[in-house]
């Protein structure tokens with residue numbers, strides 16, 4: 001049952017996002033967007049046992065169906081994994097009419113999307129995101145790619161899916177910690193571009209934590225709509241799209257410092273958003289009460305609100321200097337002019353950073 | 001000294017091709033198209049000793065210059081080589097303002113262009129092609145990629161360069177066999193879309209074989225212009241662009257059968273073009289004399305005019321069935337309606353193929 005349908009408007013590359021229950025088993029909907037006779041279903045060894053058969057049944061008999069099951073985990077988001085996908089797909093003889101289907105979270109989506117971007121220089125791609133984070137983040141934007149030992153997402157492509165099917169039933173098998181990590185990104189959208197949604201979250205977060213389906217579908221829809229509006233204005237990340245990185249520059253530094261996989265991405269972003277909010281408040285842009293309300297919201301969502309103990313301002317400086325968003329040696333950070341309006345600055349001084357960490 | 005400048009018209013992704021002498025050392029021209037402070041120069045161990053220093057001198061001092069020298073040869077056009085380029089580029093800390101510069105033939109150009117397409121989801125790319133084949137083929141079209149053990153160019157991206165500088169001085173260090181291989185593609189352009197150029201080649205091929213610079217520059221310019229016209233009409237290879245594959249479906253089968261590197265790509269294409277011409281003549285589209293004139297032209301260019309002995313029609317059938325251009329099981333081939341006008345057909349019968357090989 002489709003609760004919401006959203007159209008991501010990117011000219012020739014426009015596509016629909018469906019949000020609802022039972023979508024993984026919705027044969028009509030899947031087959032409407034996978035017209036070809038060949039399908040490559042990519043998943044991981046956590047998600048495949050739960051949902052792969054449901055999708056395969058819905059896809060029905062085809063000329064060629066290859067199921068690739070990756071080991072679960074961010075450490076497998078590598079060029080080597082990509083190579084192993086191509087080994088399977090070529091051995092099975094898929095041609096350029098094939099469709100890659102990503103069934104899983106952000107890692108599966110990013111790797112599969114990148115594989116689809118590169119296979120025979122680009123084939124169709126459909127996303128079935130099964131984590132809250134991937135549903136509200138990777139569903140929109142077309143970013144695909146893999147990590148390198150020296151940096152996250154350093155190798156990739158922009159490749160838009162043909163359709164995204166968000167089945168909120170999958171959230172019932174998601175560990176609580178990962179649901180929280182997804183909520184960090186949901187909360188981000190209110191902060192950067194939708195004050196009304198932020199107010200809604202202040203009222204409705206308990207319904208999300210209680211897994212109320214109507215509330216989940218609403219939160220996912222508003223998050224995707226926010227991201228779609230930002231991406232439509234800036235598909236290739238030249239300008240305004242950068243506001244999507246609220247909390248992410250700090251967050252990536254935390255993830256790198258702790259080693260990938262120790263803190264979940266959303267957890268690191270949550271702590272990073274608090275730092276960005278504190279910096280914004282120190283500039284007088286948002287109120288101290290706004291920061292406190294954000295911290296209370298994140299705590300309700302069982303998210304961290306401060307960096308890991310033992311991480312110094314020097315650690316942040318070193319790690320952030322390596323960020324993709326550093327241009328010509330200037331650190332760029334997303335701050336909040338007000339709740340619901342983010343801006344990118346490149347003039348944060350060493351003093352501001354030092355004070356931020358002495359206060360935190 | 002620039003002899004010709006050609007503009008490839010692709011909207012936002014338009015770029016110039018310069019053809020002339022001494023361009024690799026032309027600091028003004030290079031720096032005009034490489035504005036950033038960071039450069040990755042990729043070459044191979046044959047070309048680098050001859051020309052890399054000249055390019056590095058012309059680039060002048062920059063914040064970051066990384067020289068990557070790959071082993072020479074098609075067998076290194078792999079995902080592994082791509083990984084090694086990223087290792088170097090990330091270790092040296094290049095950000096997304098960097099420019100990848102490809103100095104070499106088609107392999108260097110394809111791998112470097114693909115690396116540029118994927119590095120941080122896409123950075124600038126400038127091509128300095130040093131073989132006749134890469135000058136007339138890879139300069140236009142934006143195709144980049146690597147091979148897989150199960151097929152050529154199976155992994156890649158469309159990524160347009162910012163500029164292409166064709167220095168015909170480099171042809172003086174090119175082995176004669178590779179010059180001939182490049183001429184196969186030059187001859188192809190006349191056949192598929194420029195009868196006037198075909199007539200020019202029938203008169204001027206001896207000047208090309210004698211390395212007359214004005215003739216070389218003219219042949220390169222007309223080849224690039226032909227390819228640019230075809231690509232501009234069909235950037236992503238949906239339709240008319242397929243005519244660029246005249247001789248290539250047969251040619252790929254020959255290369256695969258012999259093992260990559262035994263026959264040069266251009267040599268296989270030459271033999272493939274004769275087969276396509278014979279098929280076209282058998283349908284009454286071109287004259288038998290046209291076929292004979294083509295064979296004479298290819299012989300003058302020291303190119304093969306028939307498949308390797310021992311390759312049967314069954315070998316061709318099996319290998320061509322695996323071609324990227326096979327859609328829904330139908331073999332697609334480029335034939336000549338007349339000299340200077342190619343067309344794609346998908347109705348070549350088993351009988352036609354059998355007669356072709358019994359006659360050849």
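The values are calculated or read from the model by the stated rules, or taken from the named source; none is laboratory data. Please read all numbers here as calculations on a predicted model, not as lab measurements. We place every Cβ from the backbone using ideal geometry, glycine too, and count neighbours over all the protein chains shown.
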Looking at residue B:167, is it crowded, with 21+ Cβ neighbours inside 10 Å and under 14 Å from the mean Cα position of the chain (by Cα)?
no
Looking for something in a helix (DSSP H, G or I) and touching a strand residue (DSSP E or B) at 6+ places or on another chain (Cβ under 8 Å) - is there at least one such residue anywhere in region A:98-105?
no
Within region B:221-230, is even one residue over 16 Å from the mean Cα position of the chain (by Cα) and either over 21 Å from residue B:175 (Cα atoms) or part of a helix (DSSP H, G or I) (or both)?
no
Picking from A:135, A:75, which residue would you name as being touching a residue at least 60 places away in the same chain (Cβ under 8 Å), in a helix (DSSP H, G or I), more than 14 Å from chain B (Cβ to nearest Cβ) and buried (at least 23 other Cβ atoms within 10 Å of the Cβ)?
A:135
Do we have any residue at all in region B:101-119 that's over 17 Å from residue B:163 (Cα atoms) and within 13 Å of another protein chain (Cβ to nearest Cβ)?
yes
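Quick grid of which residues meet (1) away from every other protein chain (no Cβ under 14 Å); (2) on the phi < 0 side of the Ramachandran plot; (3) out of contact with any helix residue (DSSP H, G or I) (no Cβ under 7 Å at 6 or more places or on another chain):
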| site | (1), (2), (3) |
| --- | --- |
| B:16 | yes, yes, yes |
| B:30 | yes, yes, no |
| B:39 | yes, yes, no |
| B:64 | no, yes, yes |
| B:70 | yes, yes, no |
| B:79 | no, yes, no |
Take residue B:349 and tell me if it is touching a helix residue (DSSP H, G or I) at 6+ places or on another chain (Cβ under 8 Å) and under 27 Å from residue A:90 (Cα atoms).
no
Inspect all residues belonging to region B:40-53 and state whether any of them is crowded, with 17+ Cβ neighbours inside 10 Å, in contact (Cβ under 8 Å) with a residue 24 or more places away in the chain and over 21 Å from the mean Cα position of the chain (by Cα).
yes
Restricted to region B:308-338, and to residues that are modelled with pLDDT of 95 or more and either surrounded by 14 or more Cβ atoms within 10 Å (Cβ to Cβ) or assigned to a loop (DSSP other than H, G, I, E, B) (or both), which residue is nearest to the chain's Cα centre (by Cα)?
B:334
Scan region B:273-283 and give yes if some residue there is in a loop (DSSP other than H, G, I, E, B), at pLDDT 90 or above and away from every other protein chain (no Cβ under 14 Å), otherwise no.
yes
Residue A:130 passes all but one of (1) at pLDDT 95 or above; (2) more than 16 Å from residue B:120 (Cβ to Cβ); (3) within 14 Å of chain B (Cβ to nearest Cβ); which number fails?
(3)
Would you call residue A:65 modelled with pLDDT of 95 or more, in contact with a strand residue (DSSP E or B) (Cβ under 7 Å, 6 or more places away or on another chain) and farther than 23 Å from residue A:119 by Cα?
no
Which condition does residue A:84 not pass, out of (1) in contact (Cβ under 8 Å) with a residue 40 or more places away in the chain; (2) within 14 Å of chain B (Cβ to nearest Cβ); (3) not in a loop (DSSP other than H, G, I, E, B), if it passes all the others?
(1)
